[in-house]
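S.K.: There's a structure below that I have some questions on.
The values are calculated or read from the model by the stated rules, or taken from the named source; none is laboratory data. All values reported here derive from a predicted model rather than from experimental measurement. Reconstructed Cβ throughout: ideal geometry from the backbone, glycine too, with neighbour counts over all protein chains shown. Each accessible area value is taken on the protein alone, full model and side chains, heavy atoms only, with ligands, DNA and RNA left out. Shrake-Rupley method; radii C 1.70, N 1.55, O 1.52, S 1.80 Å.
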Amino acid sequence: MSGPACELPDGRSLGRFTVAAVALGLMVLGLVAASARASTLRVTVDPARAGAVIAPRAVGLSFEALDLPQIARGADRGTLTALLSSLRPGVLRFGGASVDGETTYSPAGIPDPEAATTIVPADLDRLAGLARRTGWRVLLAVDLGRFDPSSAAAEAADAARRLGDDLAGIEIGNEPNAFAIGGVRGADWSYLAYRDQVRAYRRAIAAAAPGVPIVGPDTVTAGDVDWLRAYAHDERPALLTPHFYPLHRCNGAMPTIADLLGAPVAEGTRRTFAAIAAVGRAAGITVRLGETNNIGCRGLDGVSNTFAASLWAVRYQLAAARAGLAGATFHTLPECAGYSPICGATRADFEAGLLQAMPEWYALLLFDRLEGDRFVHARVGPHPASLTVDALERPAGRGLDVVAVNAGARAVRLSIGVRSGSGTLGVGRLLALTAPALDARSGVRFAGAAVRPSGAWAPHRAQRRRPARDGRLRVLVPAASAVLVRAPVP
């Protein structure tokens, strides 16, 4: 069988006729049948109608501040360096709810008995080593929950000395517009009170670490952007970093895979991205999603950690970039039961630095291939809502990338060409993102390859190639999969 439908998980024993082998055989037969039934959709790309460019360092990982010491030790042990090195350099952010009250900084290296984690200068040294080895830059949040500008300034100054240019910025607090809800501040907490406290922090940080960029406001976006707009106007940060989760389980909600991949979430995401991008444009400040993932309040086992989350994350990153956002920093937890691109199979594994790739990680591997691409217009014939198609022009006129995400139950055939007068497509290279099923938590492959236990990843040598016929590429996108088609335009 030809095409990306061949790129199925194959990590099963050939020496035993197991139930898993039978299931794989049935899957292959099902894909053959589906390909025979698949209708053909015409996709016509117009490179003259260009949009946003996918920014450098668009990929990012966010961690809880209390996990900083463990993550920093990944500079010289475990799998983190290999995992990060399989992507272009991105952004590592340390913040989350734990930064406000659970985490403290001690310049003298003395643990604080009232804090869950005490960050010390040696941790920042290790973090600097991780940044140097991988090329990733760091956003570091300081504690606003316990109001102490001098302590925050000391941490910022030590971070600046140790990280140098690898320190992308300092955040002040985490989701301050929710402080009253979380009991961090009283019921009279307001934006103006927050602004006054932020200004005290900024004065202290400027005195201790002149020139360190201040970014923010790290507000949680839930239908309004009032704090974001006011902060952009009043404080002029180096970078705007709102947070967004399209779904949540904070009050007992139980979102499903169908919810995650459904049209309401996609449309709500589009509106939110448009609103926060508009704030950035009006203020002339770059916007990056400072913290994000699929389901707020630590995610949901059986949804957040499945292959469905990988397909969602491909579409989500494309939507953010299309709106003009500079990147998305995916929040990452130690355990594998909720949302996490990478995690430890056990707490002991996490503490030892033995992190494994979850399905969502593969979405980052795919999106990373698009850095520097510019969105161009693609006209797609009538198609199911479960299918999305994005076209992008590669830098320096090196060809086109087309990303098709099929979250539906049937395969789809695409006939891809360019607008008359814009050239013709050459031989296309197909990199498929596949798994046994939408709810699979393992068996994910991108470009025919899985992430190795060491954390390393490289595309399979036998990548699928498709010659164009009559200037068009014919591509099969199997059910529950995504395909990246890379084609030169002579």
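S.K.: For the subset of region 96-142 comprising residues that are of a type in the set (Asp, Glu) and without any contact (Cβ under 8 Å) to a residue 60 or more places away in the chain, which member is surrounded by the most Cβ atoms within 10 Å (Cβ to Cβ)? Write out each step before concluding.
M.R.: To start, the set of residues in region 96-142 that are of a type in the set (Asp, Glu) comprises 100, 102, 112, 114, 123, 125.
Retained after the next criterion (residues that are without any contact (Cβ under 8 Å) to a residue 60 or more places away in the chain): 102, 112, 114, 123, 125.
Details: Glu102: 18, Asp112: 13, Glu114: 10, Asp123: 23, Asp125: 15.
By that ranking, first place goes to Asp123.
S.K.: Answer yes or no as to whether Ile205 is among the β-branched types (Val, Ile, Thr), over 26 Å from Cys297 (Cα atoms) and surrounded by 14 or more Cβ atoms within 10 Å (Cβ to Cβ). Working first, answer last.
M.R.: Values: among the β-branched types (Val, Ile, Thr): yes; over 26 Å from Cys297 (Cα atoms): yes; surrounded by 14 or more Cβ atoms within 10 Å (Cβ to Cβ): yes.
Criteria met by Ile205.
S.K.: For region 141-157, which positions are acidic (Asp, Glu) and in a helix (DSSP H, G or I)?
M.R.: Start the filter on region 141-157 by keeping residues that are acidic (Asp, Glu), which leaves 143, 148, 155.
Selection gives Glu155 alone.
S.K.: Please state which one of Leu261, Leu318 is at pLDDT 95 or above and open to solvent by less than 10 Å² (accessible area, probe 1.4 Å). Write out each step before concluding.
M.R.: Details: Leu261 fails: open to solvent by less than 10 Å² (accessible area, probe 1.4 Å).
Being at pLDDT 95 or above and open to solvent by less than 10 Å² (accessible area, probe 1.4 Å) holds for just one of Leu261, Leu318, which is Leu318.
S.K.: OK, next. Could you say which residue among Leu365, Leu392 is part of a strand (DSSP E or B) and either out of contact with any Phe, Trp or Tyr (no Cβ under 9 Å at 6 or more places or on another chain) or aliphatic (A, V, I, L, M) (or both)? So that I can check it myself, show each step before the final result.
M.R.: Numbers: Leu365 fails: part of a strand (DSSP E or B).
Being part of a strand (DSSP E or B) and either out of contact with any Phe, Trp or Tyr (no Cβ under 9 Å at 6 or more places or on another chain) or aliphatic (A, V, I, L, M) (or both) holds for just one of Leu365, Leu392, which is Leu392.
S.K.: Further question on the same structure: Limited to region 415-462, what total is found for residues that are assigned to a loop (DSSP other than H, G, I, E, B), aliphatic (A, V, I, L, M), touching a helix residue (DSSP H, G or I) at 6+ places or on another chain (Cβ under 6 Å) and open to solvent by less than 20 Å² (accessible area, probe 1.4 Å)?
M.R.: Going through region 415-462, the residues assigned to a loop (DSSP other than H, G, I, E, B) turn out to be 419-427, 435-444, 447-448, 450-462.
Applying the additional criterion that residues be aliphatic (A, V, I, L, M) yields 425, 427, 435, 437-438, 440, 444, 447, 450-451, 456, 458, 462.
Cutting the leftovers down to touching a helix residue (DSSP H, G or I) at 6+ places or on another chain (Cβ under 6 Å) gives us 435, 438, 440, 444, 456.
Subsequent filtering for residues that are open to solvent by less than 20 Å² (accessible area, probe 1.4 Å) retains 435, 440, 444.
Final tally of qualifying residues: 3.
S.K.: Further question: Give just the number: which of (1) among the aliphatic types (A, V, I, L, M); (2) open to solvent by 10 Å² or more (accessible area, probe 1.4 Å); (3) in a helix (DSSP H, G or I) does Ile285 not satisfy?
M.R.: All conditions pass for Ile285, except number (3).
S.K.: Let me ask something else about it. Please find, within region 229-244, the residue that is farthest from Pro384 (Cα to Cα) out of those that are open to solvent by less than 40 Å² (accessible area, probe 1.4 Å) and in a loop (DSSP other than H, G, I, E, B).
M.R.: Narrowing region 229-244 to residues open to solvent by less than 40 Å² (accessible area, probe 1.4 Å): 230-232, 235, 237, 239-244.
Now restrict to residues that are in a loop (DSSP other than H, G, I, E, B): 237, 241-242.
On the way: Pro237: 42, Thr241: 34, Pro242: 32 Å.
The qualifying residue farthest from Pro384 (Cα to Cα) is Pro237.
S.K.: Would you mind stating whether Ala348 is open to solvent by 10 Å² or more (accessible area, probe 1.4 Å), touching a helix residue (DSSP H, G or I) at 6+ places or on another chain (Cβ under 7 Å) and not in a strand (DSSP E or B)?
M.R.: Working: open to solvent by 10 Å² or more (accessible area, probe 1.4 Å): yes; touching a helix residue (DSSP H, G or I) at 6+ places or on another chain (Cβ under 7 Å): no; not in a strand (DSSP E or B): yes.
So Ala348 fails the test.
S.K.: With the condition kept exactly as written, say whether any residue in region 250-267 is in contact with a Cys (Cβ under 7 Å, 6 or more places away or on another chain) and either in a loop (DSSP other than H, G, I, E, B) or touching a residue at least 24 places away in the same chain (Cβ under 8 Å) (or both).
M.R.: Here is the first cut: in region 250-267, the ones in contact with a Cys (Cβ under 7 Å, 6 or more places away or on another chain) are 250.
Checking which are either in a loop (DSSP other than H, G, I, E, B) or touching a residue at least 24 places away in the same chain (Cβ under 8 Å) (or both) leaves us with 250.
For region 250-267, residues in contact with a Cys (Cβ under 7 Å, 6 or more places away or on another chain) and either in a loop (DSSP other than H, G, I, E, B) or touching a residue at least 24 places away in the same chain (Cβ under 8 Å) (or both): present.
S.K.: Going by the structure shown, is Gly290 on the phi < 0 side of the Ramachandran plot, in contact (Cβ under 8 Å) with a residue 12 or more places away in the chain and part of a strand (DSSP E or B)? Explain how you work it out, then say what you get.
M.R.: Values: on the phi < 0 side of the Ramachandran plot: yes; in contact (Cβ under 8 Å) with a residue 12 or more places away in the chain: yes; part of a strand (DSSP E or B): yes.
Yes; evaluated as a whole, the condition is true for this residue.
S.K.: Additional query: What single numbered condition from (1) open to solvent by 10 Å² or more (accessible area, probe 1.4 Å); (2) within 18 Å of Gln356 (Cα to Cα); (3) among the charged types (D, E, K, R) fails to hold for Asp67?
M.R.: Every listed condition holds for Asp67 apart from (1).
S.K.: Does Glu393 satisfy being open to solvent by 50 Å² or more (accessible area, probe 1.4 Å) and touching a residue at least 40 places away in the same chain (Cβ under 8 Å)?
M.R.: On the way: open to solvent by 50 Å² or more (accessible area, probe 1.4 Å): yes; touching a residue at least 40 places away in the same chain (Cβ under 8 Å): yes.
Yes; evaluated as a whole, the condition is true for this residue.
S.K.: Take Arg410 and tell me if it is surrounded by fewer than 16 Cβ atoms within 10 Å (Cβ to Cβ), among the basic types (Lys, Arg) and under 26 Å from Thr44 (Cβ atoms). Before you say what the answer is, go through the steps one by one.
M.R.: On the way: surrounded by fewer than 16 Cβ atoms within 10 Å (Cβ to Cβ): no; among the basic types (Lys, Arg): yes; under 26 Å from Thr44 (Cβ atoms): yes.
Criteria not met by Arg410.
S.K.: Conditions first: (1) within 20 Å of the chain's Cα centre (by Cα); (2) open to solvent by less than 10 Å² (accessible area, probe 1.4 Å); (3) small (Gly, Ala, Ser). Ala480 passes all but one, so which condition is the exception?
M.R.: All conditions are met except number (2).
S.K.: I've got another one for you. Out of (1) part of a loop (DSSP other than H, G, I, E, B); (2) over 23 Å from Met254 (Cα atoms); (3) of a type in the set (D, E, K, R), what's the single condition that is false for Arg298?
M.R.: (2)
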